[in-house]
Amino acid sequence: MEQLAYYLQQNNSKRILDVGTGVGNFIFVLAQTTNEYDEIIGIDTSQRAIEIASNYFLDNHKVKFMKMDGKKIEYPDGYFDVVCLSNSLHHLENPQPIFNEMKRVLKREGLMIIQEMVCEPLTNQQVSHRLVHHFSAEIDRHLGLTHDDTYTKEVIEEKLSQFDSIELIAAWVPEYQNKHEFSDEEVTQLISSIDQMIDRIKDIEKKPYYQDKAELIKQYIKENGFDLATEYMFILKKTV
Ligand SMILES: C[S@@+](CC[C@H](N)C(=O)[O-])C[C@H]1O[C@@H](n2cnc3c(N)ncnc32)[C@H](O)[C@@H]1O
C-alpha cells in the first residue's frame, strides 16, 4: 500500500470520506495505510451496513459511520481532503449526482480515490469470482436493483473521464490484492452461498434458469478453484 500511503501523505489527508462504505471494507485499507488522519467518515444508504461497520470500528474513535445518501452529502463545500468510492461504481444507476456531491465536499486539489474490480484479464481462479459476481448482479437486476457486471479498466477510465474538474493522475493494482489463499472450507461455503442467491428468486418459472446457471458456476469453481478478481485503484485530483 506504499503508493496509496504516498498520495495520502502528499495530500495532507486529515478528513476522509468513504461513500457507499458498506461494512467498511475500504476503511480497513485506509486505516492500515495511514494513522495521520483526524477523521474517516463512512456513509451508506443501508442502515444494516452502517450498524455492522460501526461494530467493527468500536475501538477507533476517529472512524464514524452514518446513514447518508451519496447524492446528498450533509457536509459543507470543500470539507474533505479525500473522498473515496470503492467497488460501488457498478452499483450506481447514474453516477453523475454522486460524483457532483463528492466533488463539492472535496477541497481544491483534494484526492478522489476510486477502487473497482475489473472483469479482465483474470486467471482461471479469478474467473470464478467474476462468475459469482456476475451471477449475483444478474439476480439483482432481475429483482429491479441497479447492479452492472464488472467493467474493464478502460471502461472505468472512460467513465471517470466524463466528470469535469477531476483529473486522473494514477491507476494501479494494490499490492494487498490476491494475498488470501482460499481454503477448501471457504470454497465450500462460497458454493453454498450460490444456492442462497437463488433463494432470492421468487418467480417459479425463472428459477430453473438460475439453478442451471448456478450448477455450471459451481462446477467451474470445483474444477478451477477460487481467487478474488483483480481490483484497480484510481487516484483523481480535483483541479478547481
Ligand atoms: C458493493 S457495496 C461496496 C461496499 C464497500 N465500499 C466495499 O468496497 O466493500 C456498494 C454499497 O453502496 C451503497 N450505496 C448504493 N447507492 C448508494 C448511495 N446513493 N449512497 C450511499 N451508498 C450507496 C450500497 O448500500 C452498498 O453498501
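One table, with the values for the structure above:
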| item | result |
| --- | --- |
| Hits in the stretch 150-203 (condition: over 24 Å from Leu89 (Cβ atoms) and among the basic types (Lys, Arg)) | Lys202 |
| Matching entry among His129, His147, His133 (being surrounded by 17 or more Cβ atoms within 10 Å (Cβ to Cβ), outside any strand (DSSP E or B) and without any contact (Cβ under 8 Å) to a residue 60 or more places away in the chain) | His147 |
| Number of positions in the stretch 79-106 that are in contact with a strand residue (DSSP E or B) (Cβ under 9 Å, 6 or more places away or on another chain) and surrounded by fewer than 18 Cβ atoms within 10 Å (Cβ to Cβ) | 2 |
| Selection status of Gly42, on the phi > 0 side of the Ramachandran plot and either assigned to a strand (DSSP E or B) or surrounded by fewer than 22 Cβ atoms within 10 Å (Cβ to Cβ) (or both) | no |
| Complete set of residues in the stretch 195-213 that are within 16 Å of Leu143 (Cβ to Cβ), touching a helix residue (DSSP H, G or I) at 6+ places or on another chain (Cβ under 9 Å) and surrounded by 11 or more Cβ atoms within 10 Å (Cβ to Cβ) | Met197, Ile198, Arg200, Ile201, Lys206, Lys207, Tyr210, Lys213 |
| Pair list, Cβ under 7 Å, 6 or more apart: the stretch 179-195 residue under 16 Å from His129 (Cβ atoms), other residue of a type in the set (Asp, Glu) and modelled with pLDDT of 90 or more | Phe182/Asp227 |
| Residue within the stretch 225-236 that is out of contact with any strand residue (DSSP E or B) (no Cβ under 9 Å at 6 or more places or on another chain) and in a helix (DSSP H, G or I) present | no |
| Search result, residues across the stretch 12-39 that are assigned to a loop (DSSP other than H, G, I, E, B) and either within 16 Å of the chain's Cα centre (by Cα) or closer than 12 Å to Gly70 by Cα (or both) | Gly20, Thr21, Gly22, Val23, Gly24 |
| Tabulated pairs, the stretch 88-107, first free of Cβ contacts under 8 Å to residues at least 12 places away in the same chain, second part of a helix (DSSP H, G or I) and within 9 Å of the ligand (Cβ to nearest atom), C-beta under 8 angstrom, 6+ apart or interchain | none |
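The values are calculated or read from the model by the stated rules, or taken from the named source; none is laboratory data. This one's a predicted model, so the numbers in the text were calculated from it and none came from an experiment. Cβ coordinates were reconstructed from backbone atoms using ideal geometry, including for glycine residues, and neighbour counts include every protein chain displayed.
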